[in-house]
Amino acid sequence: MEKGLLYPVINQYRADEKLDGLWNFKFDPAGEGEQQGWQKGFDNGIKMPVPASFNDFFTDKDAREYTGDFWYSRHFFVPDYFKGQEIQIRFGAATHRAVVYVNGQEIRSHEGGFLPFTADVTDAVKFGQENVVAVKVNNELHRDALPAGDTETLKNGKKMAKPFFDFYNYSGLNRSVHLLAVPKKGIYDYSTSYDLGESKATVHYSVRADSGSNVKASLIDENGQVVATNEGKSGDLIVTQPKLWNVRDAYLYTIQFKLLDQDRVIDEYQDQIGLRTVEIKGHEILVNHKSVYLRGFGRHEDSIYAGRAFDLNVERRDMNLMKWIGANSFRSSHYPYDEQVYRFADREGILVIDEVPAVGFKMAAASFLGGLDQSFFDGDWTKELYKKHLDQINDMIQRDKNHPSVLAWSLFNEPDTSTNSAVPYFEKLFAATANLDPEKRPRTFTLNEDDTYEKSKCLKFPDFYLLNRYPGWYHKWGYEISDGEAGLRAELDEWQKSDIDKPIVFSEYGADTEPGLHKLPSIMWSEEYQIELLEMFNRVFDSYDFIRGEQPWNLADFQTVEGNMRVNGNKKGIFTRDRQPKAAAFYLRKRWTKLPLDYKAGK
Ligand code: BDP
């Protein structure tokens, strides 16, 4: 667990310089990097962009599919005026595990390819001089790691990733690297939670710092006016006539903390927050005590050339597509996204179901990818896995808790919950994570097709349900789709008859669709069939009041492993991989722009 994961800011006390650009890169199939002295840095590698996944730059398959250790290295300069500060290198993400060296000295290691970590390099750097950083990264998949999979060695000695999940194992330094200079004993974390009254809002804040006798907190509106102040490491900021953060109508305040040592300011941190509450009541999802009906997508961080790299340009386009189509939410399937995504969502008023990379915890579902037909939670690997899982939930909540856009935490995607062996794991995990979020946002996970109302043993855990259902595609497809609809209704009737009074959001459903393939009457893979499948689901959603959201799979086509179920990736996108609409996009736009935000409120 990281001590603090504050997003880097620049002010009088804090410097932030990006170490993005071309790094030197080497594959290390023989595991000889240290022996060769690569930890001391190297200049003779392949020139590799950061942030990026290395895979799709290469023209030979051994390089693209490379699984094992690989190294990055570059020089960086630490100015003299950074002396006296703590010097950190912050990695936005390294897939999936990393060891960081500076000037040949091992600084730290980290596991988890979708969350940031900070290396304190203060004692290793030379001030006023060039320094060298080297990072050994490893992208193997294991059952006791997140996301889950296997690494196999082929007869020719090459290693291969066998994911138990349906997205390509894009690897590398996928997010920005920052060189930071921050106060040695400064602020390392803060949190907020909210109470909304008639014409006032209370922001409960608390600041964690390594020293300092006091904190001055202030809240500043979008016009730059200070609207509330307080003193103390924790306390309340009270705003009269507050402007609330609303769905698709965001208002952001700047929260600013000054850390004092006696009367002297020794650190400052500022961030943007939104005044809003979220809660689940009966089968309603409430934002600011008002009912909200979710529409949006499951997504991926995925684009051509740079793979899973965060790309501000792609994100700008995706946000615009979501706004155009009338979406108000998405799930960060199947891992926490780059921090800038949440900042964007905060600004645009889009709700996020934030998901930890606990995906592939179900071997039968991954069978088409090579998984085994046994209960995942019977495996002896779950002990080690649990530790990593909890660690990553800790870090995800730590990192994202202050974003107004974050509506809920998704703790798994499609785990195998159909056997009793899952229950102790869930009990422990849900208990251990109950108090991590100061806002106590709802916790949930997606239920795979096999985990029906009747079959899942873990229905008591989520605060609301996310259902991934594929009638019309993986079963009862094509002309049989009417039976698919009947089956879906039969399952929902069971939920309805039960005494469960919680909302259901459909977090996945869809049809692979080849853009440009038209057929009358429709046929699977055609643009017409994708619309028919969405129409079928929407008919069903409109008939059950406890369904409070629809997030078809996926916003855009994305890359997966190659296989006989995939034609250059997963084609369930409503948009193509280069972010152009399929016909279904126009259909959904018509529906979603007409649906009121509080659709089904009070029902
Ligand atoms: C679901 C998974 C998702 C897949 C999708 C599909 O959650 O990752 O991409 O199926 O098969 O089971 O399209």
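Given the criterion within 16 Å of the ligand (Cβ to nearest atom), under 30 Å from ASN568 (Cβ atoms) and basic (Lys, Arg), identify the matching residue among LYS362, LYS323. The conditions single out LYS362. For region 508-519, state whether one or more residues are within 16 Å of the ligand (Cβ to nearest atom), among the charged types (D, E, K, R), in contact with a strand residue (DSSP E or B) (Cβ under 7 Å, 6 or more places away or on another chain) and part of a loop (DSSP other than H, G, I, E, B). Within region 508-519 (the criterion being within 16 Å of the ligand (Cβ to nearest atom), among the charged types (D, E, K, R), in contact with a strand residue (DSSP E or B) (Cβ under 7 Å, 6 or more places away or on another chain) and part of a loop (DSSP other than H, G, I, E, B)), the answer is yes, since at least one residue qualifies. Among the criteria (1) among the β-branched types (Val, Ile, Thr); (2) surrounded by fewer than 19 Cβ atoms within 10 Å (Cβ to Cβ); (3) closer than 15 Å to HIS178 by Cβ; (4) assigned by TED's automatic domain parsing to the domain that holds GLN105, the one VAL50 does not fulfil is (2).
Being more than 16 Å from the ligand (Cβ to nearest atom) and either of a type in the set (A, V, I, L, M, F, W, C) or within 32 Å of the chain's Cα centre (by Cα) (or both) is the filter here; which residues of region 466-490 pass it?
If the condition is that a residue be more than 16 Å from the ligand (Cβ to nearest atom) and either of a type in the set (A, V, I, L, M, F, W, C) or within 32 Å of the chain's Cα centre (by Cα) (or both), then ILE481, GLU485, ALA486, GLY487, ARG489, ALA490 are the ones that fit.
Whenever a residue of region 569-587 is assigned by TED's automatic domain parsing to the domain that holds HIS518, its partners that are surrounded by 19 or more Cβ atoms within 10 Å (Cβ to Cβ) and polar (S, T, N, Q), lying with C-beta atoms within less than 6 angstrom and at least six residues away or across chains, give the pairs GLY569/GLN559; GLY569/THR560; ASN570/THR560; LYS571/THR513; LYS572/ASN554; GLY573/ASN554; LYS582/THR513; ALA584/GLN530.
When restricted to residues that are within 11 Å of the ligand (Cβ to nearest atom) and farther than 17 Å from GLU527 by Cα, region 570-592 contains 0. Restricting attention to region 31-84, the residues that are over 17 Å from GLY113 (Cβ atoms), not charged (D, E, K, R) and not in a helix (DSSP H, G or I) total 20.
For region 556-570, the criterion of being part of a loop (DSSP other than H, G, I, E, B) and of a type in the set (Gly, Ala, Ser) is satisfied by at least one residue. Listed here are the strands (runs of 3 or more DSSP E) enclosed by region 261-369 that have at least 3 residues being aromatic (Phe, Trp, Tyr), and there are none. Taken together, LYS200, LYS162 contain a single residue that is under 25 Å from VAL227 (Cα atoms), surrounded by fewer than 22 Cβ atoms within 10 Å (Cβ to Cβ) and either in contact with a Lys or Arg (Cβ under 7 Å, 6 or more places away or on another chain) or among the charged types (D, E, K, R) (or both), which is LYS200. Here the condition is being aliphatic (A, V, I, L, M), touching a residue at least 12 places away in the same chain (Cβ under 8 Å) and under 30 Å from LYS216 (Cβ atoms); of LEU294, LEU259, it holds for LEU259 alone. The numbered conditions (1) farther than 15 Å from LYS162 by Cβ; (2) at pLDDT below 95; (3) hydroxyl-bearing (Ser, Thr, Tyr) are all true for SER367 except (1). Candidates GLY21, GLY4, GLY37: the one that is under 23 Å from GLU111 (Cβ atoms) and either outside the structural domain of TYR337 (by TED's automatic domain parsing) or over 23 Å from the mean Cα position of the chain (by Cα) (or both) is GLY4. Counting only residues that are among the aliphatic types (A, V, I, L, M) and closer than 28 Å to ALA601 by Cβ, which one in region 466-525 is surrounded by the fewest Cβ atoms within 10 Å (Cβ to Cβ)? Taking the candidates together, the pick is ALA490. Among the residues of region 19-39, are any more than 25 Å from GLU130 (Cα to Cα) and aliphatic (A, V, I, L, M)? Taking every residue of region 19-39 in turn, at least one turns out to be more than 25 Å from GLU130 (Cα to Cα) and aliphatic (A, V, I, L, M).
The values are calculated or read from the model by the stated rules, or taken from the named source; none is laboratory data. From a predicted model like this one, the values you see are computed outputs, not experimental measurements. Counting neighbours? That spans all protein chains shown, and the Cβs are built from the backbone with ideal geometry, glycine included.
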